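To start, the structure itself, in structure tokens.
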Amino acid sequence: MPGKRIAVVGAGVSGLGAIKTCLEEGLEPTCFEGSDDIGGLWRYEEKAQSGRPSIYESATSNTSKETTTYSDYPFPDHFPNYLHNSRIMEYLRMYVQHFDLTKHIRFLSKVCSVRKRSDFSCTGQWDVVVEAAGKQESYVFDGIIVCSGMYSDPFLPLQNFPGIKRFKGQYIHSWEYKSPEKFRGKKIIAVGIGNSGADLAVELSHVASQVFLSTRQGAWIWNRVWDYGMPVDTVLFTRFNAVLNKFYPTFLINRWAENKLNARFNHDVYGLLPQHRFLSHQATFSDDLPNHIISGRVLIKPNVREFTVTSAIFEDGTEEDLDVVIFATGYTFSFPFLENNSTVLDSQRSMFKFVFPPRLEKPTLAFIGILQPVGATIPTSELQSRWAVRVFKGLNKLPSVSVMVDDIRKKRKKFEKEFLTNPRDSRRVQYVNYMDEIASEMGVKPNLLSLFLWDPKLAMEIFFGPCTPYQYRLRGPGKWAGARKAILTQRERIIKPLRTRTLTRDHPSYSVPFWLKSTCAALLLFVLTLVVIKG
């Protein structure tokens, strides 16, 4: 008997994972991709195309390879820990070839409309219209997985910058930026201190006459390289730290994080000290920004009050002559192909666990990757897809409408209390907590107590080591025979690309002392006992 037919919208990192997950569960996916290639956001092109994501030539991942990987297909061990976009594309092509996904993708196919069929309340089916080669074709699908991403529609709030229309220089959104060559010798301002704003300010400062970085509220600046030179997410995103975060009061976590970041450079002295606490807003990644500030190549400025014909006047009354303005002001996202129906998607874009519209009569529509994980997107999206297809098949059930709506409402209240009122934070999730939340829905969350009793070596690495995606392939549906080995060898893959010089002299071992292992084992057993008693 043929499996249910599923339409996947978009062949970026989320879409590719969704195709593979459908095949894993015996479904029949058809992926519609508007461009002529895979990769979505990570595929660099020399010119930005309207309606499509766009990255600059030097773009590099902010999450390391071991936490960014698909859960049953590790990155090659010789790949660097942080990946240039070309390396991510190389990995995606390997993934597509390994799982034979290309035959399920229809390129140059734009999804024009997705609408419920007249008998949707009984069948859960959808009418889908796709435009390809200048012609429109209609299809019927049993389920829809939307993987169209969040970075195709630049947000350019020109109304907030009086005088910009009379500015005689050039102004663009960071979405249009590709490389620094044509900006040589210019005076440039980047408006906005998210990841893109910081990256562009640093890169342009190598060729520009002067670069200014304007920020309305400041930012806490993370660095990719953490203690002892390890990738920051492999050190901080652990189950041990997740447990500590549940017991530690928020003010102590904020104090620790802010002291840690200020020890690297004083955010107040550098003009970056934000008005918010560390946990209240998404931090910015930049290894190089403080070096460029201290050398004067990047000057931090407050918010722009107004533009003149040739300059910007800032809120502190200072004025700087400019040639170029780059607005790194983020993105909006929308789903223009979806019918305007509140049961499909309401005005607040309500989604149960950021995946399922709660009021749909049949759970046959899923949104994948439409969130802001404090961590990697690939494994987060992949796990969402694994859950979604099992719901499509009826193997996992969603709670009642009232329960889902209540869950969404509670999360919104929590976000309003903890985070700034900002689009970036309204869909923000903590990596380990969210992965475990979705994994629990489908029974693939690691059972630490059982592992500690039967495989203590693995349990130790799972609890104290980085929370890598392989953990969610140890048990339950989608179990992968290579998961245990992948977890126990993950540190080797982190270190291998760093050791490109052979040392002939003796050097200190990076292994964990036996006494420390024993202490950690005892602590792990104690924590697990508390969790079991509490449960």
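The values are calculated or read from the model by the stated rules, or taken from the named source; none is laboratory data. This structure is a prediction, so every number in the text was calculated from the model and none was measured. Neighbour counts are summed over all protein chains in view; Cβ atoms, including those assigned to glycine, are modelled from backbone coordinates with ideal geometry. Ligands, DNA and RNA are excluded from the accessible area calculation, which covers all protein heavy atoms including side chains. Shrake-Rupley method; radii C 1.70, N 1.55, O 1.52, S 1.80 Å.
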For residues that are among the polar types (S, T, N, Q) and within 18 Å of residue 388 (Cβ to Cβ), tally how many sit in the stretch 21-60.
-> 2
So, in the stretch 336-348, of the ones that are assigned to a loop (DSSP other than H, G, I, E, B) and open to solvent by less than 30 Å² (accessible area, probe 1.4 Å), which residue ends up nearest to residue 125 (Cα to Cα)?
-> 344
Examine the stretch 38-47 for a residue that is at pLDDT below 95 and more than 22 Å from the chain's Cα centre (by Cα), and state whether such a residue exists.
-> yes
Criterion: modelled with pLDDT under 95 and either touching an Asp or Glu at 6+ places or on another chain (Cβ under 9 Å) or of a type in the set (Gly, Ala, Ser) (or both) - qualifying residue of 124, 134 | 134
Only one residue in 418, 441, 437, 492 is open to solvent by 30 Å² or more (accessible area, probe 1.4 Å) and in contact with a strand residue (DSSP E or B) (Cβ under 9 Å, 6 or more places away or on another chain). Which one?
-> 437
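Condition first: outside any loop (DSSP other than H, G, I, E, B) and surrounded by fewer than 19 Cβ atoms within 10 Å (Cβ to Cβ). Can you find one or more residues in the stretch 465-473 that meet it?
At the first step, the residues of the stretch 465-473 found to be outside any loop (DSSP other than H, G, I, E, B) are 466, 469-473.
Applying the additional criterion that residues be surrounded by fewer than 19 Cβ atoms within 10 Å (Cβ to Cβ) yields none.
Taking every residue of the stretch 465-473 in turn, none turns out to be outside any loop (DSSP other than H, G, I, E, B) and surrounded by fewer than 19 Cβ atoms within 10 Å (Cβ to Cβ).
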From the list 140, 130, pick out the single residue that is touching a residue at least 24 places away in the same chain (Cβ under 8 Å), part of a strand (DSSP E or B), buried (at least 19 other Cβ atoms within 10 Å of the Cβ) and out of contact with any Leu (no Cβ under 8 Å at 6 or more places or on another chain).
-> 130
Right, residue 389: in contact (Cβ under 8 Å) with a residue 12 or more places away in the chain and over 23 Å from the mean Cα position of the chain (by Cα) or not?
-> no
Of the residues in the stretch 349-378 that are touching a residue at least 60 places away in the same chain (Cβ under 8 Å), more than 19 Å from the chain's Cα centre (by Cα) and part of a loop (DSSP other than H, G, I, E, B), the one that is nearest to residue 29 (Cα to Cα) is 364
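A quick yes/no check of all residues on (1) touching a Ser or Thr at 6+ places or on another chain (Cβ under 8 Å); (2) at pLDDT 95 or above:
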site	(1), (2)
403	no, yes
407	no, no
417	no, no
426	no, no
430	no, no
440	no, yes
443	no, yes
458	no, yes
467	yes, yes
